[in-house]
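Report on the structure given below.
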Amino acid sequence: MTDQEKLAIDGGSPVVTDPIPSGVSGPSIVGDEEIKAVTDVLRSQQLFRYSEGSQAAQLEQEAAEFLGTEYTLMVNSGTSAIICALTGVGVGPGDEVIVPGYTYIATAAAVIATGAVPVIAEVDESLGLDPADVEAKITQYTKAVVPVHMRGVPVRLDEIVAVARKHNLKVVEDCCQCVGGEYKGKRVGTYGDAAAWSLNYYKTISSGEGGLVYTNDRDVYERACFTADPGAPMWTGENPLDDRRNDPFISQTYRPSEVLAAMCRVQLSKIEDILAHQRSLKNAFLGELDEARAYQFQHLDDPDGDTGVSASVIVQNKELAIGFEHALNAEGVTVGTIYNDGFPDRHIYSYWDSILEKRSPHPSGYPWKDPNYHGNVEYSKDMLPQTLDILGRSLRFDFNMNMTEEHARQMARALNKVDAALGG
Ligand SMILES: Cc1ncc(COP(=O)(O)O)c(C=O)c1O
């Protein structure tokens, strides 16, 4: 065995000698354009979204065109966008909403914020909702399902939407981690009744914080607007609710900032470049992998649709996954198993103690003890064995805007080497 073949963890030469750059998506390419857009708004002293020439209104129009939906609403976060979308489609106290056991905790938190109860379902090798488990978890109280496209990869949308339609459920797509992703020729976010984007620091495009709600349904849109701002119908100026057809109700305030909207408009103008670069990195990685391999890939319904920020491989067992993790780290590739008993990952349901223990912000115990709720959802840390098994065997390789294709190829070479030594 040559020094190159010997694993670095055993004293061989590491594949990666110069560190692979860290970074994210949109924020890593913030430049003079964003700085100018933000300072222009500040100089204008016009910082309210219901005003002539509103940045938020312009972003909404541009984002709607980008996605191909009729209505878009900017709010102050992705979580708020999910809350507005859920309330928009009619979710509320007494309802159950199915969410995956692998998502940022905010997806389930948004359900609770509407007064509904989250029902947490298994993910499969797509690392997204398992359509069979979604169907198994439907009760007479189920109102909606929230497929979450994690780490840039669309879920099995066709099957999930089919299950939802069969049972007359609403679908709210959580696209927070898959902004700009596509599925079978259309953008994710256009398959359900409503969808949410996050614009936070880690997302495809970003203004630090922010979110967008998408829908083609005028009623859903109006309800989302009422949810986002109790004064929404009353603002003068460019108010899209002037010709509303629903009676307003009172909810929260999730109004967005004009400064962030201005920044986000610039980021949106860069989204195709961001997606192209990320996808070129992922393709370089995939193209460099040896044909002979012992691991399998995450299931992709549409291999061309993801945003290119990650590639996940699934090995035979958890111990091997941990062995791969340590060996790859020694080769100079920062990679981890998605679930590993130790690290409290806020993206895995078994760490959502506040939800698993049904901790309510109020002595009434809502939403679980809400008098409108007649179901009996139960949670436990090990209730989704399939999810924990698959995530425990999955290793995720991340790509970012500061990397070159050569960096991605080095990551692949490290995986080839480790798989040849350990994969068997
Ligand atoms: C899958 C998913 N859903 C929802 C959210 C919530 O978005 P935000 O942080 O903008 O509220 C996030 C953010 O990290 C997310 O990753």
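Sort the chain into rounded, prolate or oblate with this rule: let a ≥ b ≥ c be the square roots of the eigenvalues of the Cα gyration tensor; rounded if a/c is under 1.5, and if a/c is not under 1.5, prolate when a/b is larger than b/c, oblate otherwise. Taking the square roots of the gyration eigenvalues as a ≥ b ≥ c, the chain is oblate. Each of the peptides 18-26, 4-12 was scored by the mean count of other Cβ atoms within 10 Å over its residues; in descending order, highest first, they stand as 18-26, 4-12.
To test your reading of the geometry: what angle, between 0 and 90 degrees and rounded to tens, separates the Cα axis of helix 271-288 from the longest principal axis of the chain? Once rounded, one gets 20 degrees.
Projected label points at residue 359 and residue 140, each 7 Å from Cα along the beta carbon direction, are separated by 3.4 nanometres. Relative to one another, the C-alpha centroids of the stretch 105-165 and the stretch 302-322 are positioned 20 Å apart. Considering only alpha-carbon pairs that sit under 8 angstrom and 6 or more positions apart, the relative contact order computed for the stretch 102-175 is 29 percent. Extension gain, residue 166-residue 62: 0.36 nm per intervening residue step, less the Cα-Cα distance, totals 34.1 nm.
Considering helices alone, the calculated mean residue ellipticity of the chain at 222 nm is -10000 deg cm²/dmol, with DSSP H runs of length four and up weighted by -39500 (n - 2.57) and normalised per residue.
The label point for residue 269 and the one for residue 381, both projected 7 Å from the Cα toward the Cβ, are 5.1 nm apart.
Peptides 127-136, 300-309, 348-357 ranked from most to least packed give 127-136, 300-309, 348-357, packing being the mean of other C-beta atoms within 10 angstrom over each peptide's residues. With a cut-off of 12 Å on the backbone N, no residue of the stretch 351-381 is near the modelled label site 7 Å out from residue 250 along Cα-Cβ. In whole angstrom, how far apart do the alpha carbon centroids of the stretch 69-94 and the stretch 5-56 sit? Centre-to-centre distance over Cα atoms comes out at 26 Å. Cross-link partners for residue 170 among the lysines, with Cα-Cα distance under 18 Å and sequence neighbours closer than 8 places in the same chain left out: 137, 143. Using C-alpha pairs under 8 Å with a sequence gap of at least 6, the mean separation divided by the residue count of the chain gives a relative contact order of 24 percent.
None of the figures in this text is laboratory data; all of them are computed from the coordinates on show. Just so you know, these numbers come straight off a predicted model, no measurement behind them. Every residue, glycine as well, gets a Cβ built from its backbone with ideal geometry; the counts of neighbours run over all protein chains shown.
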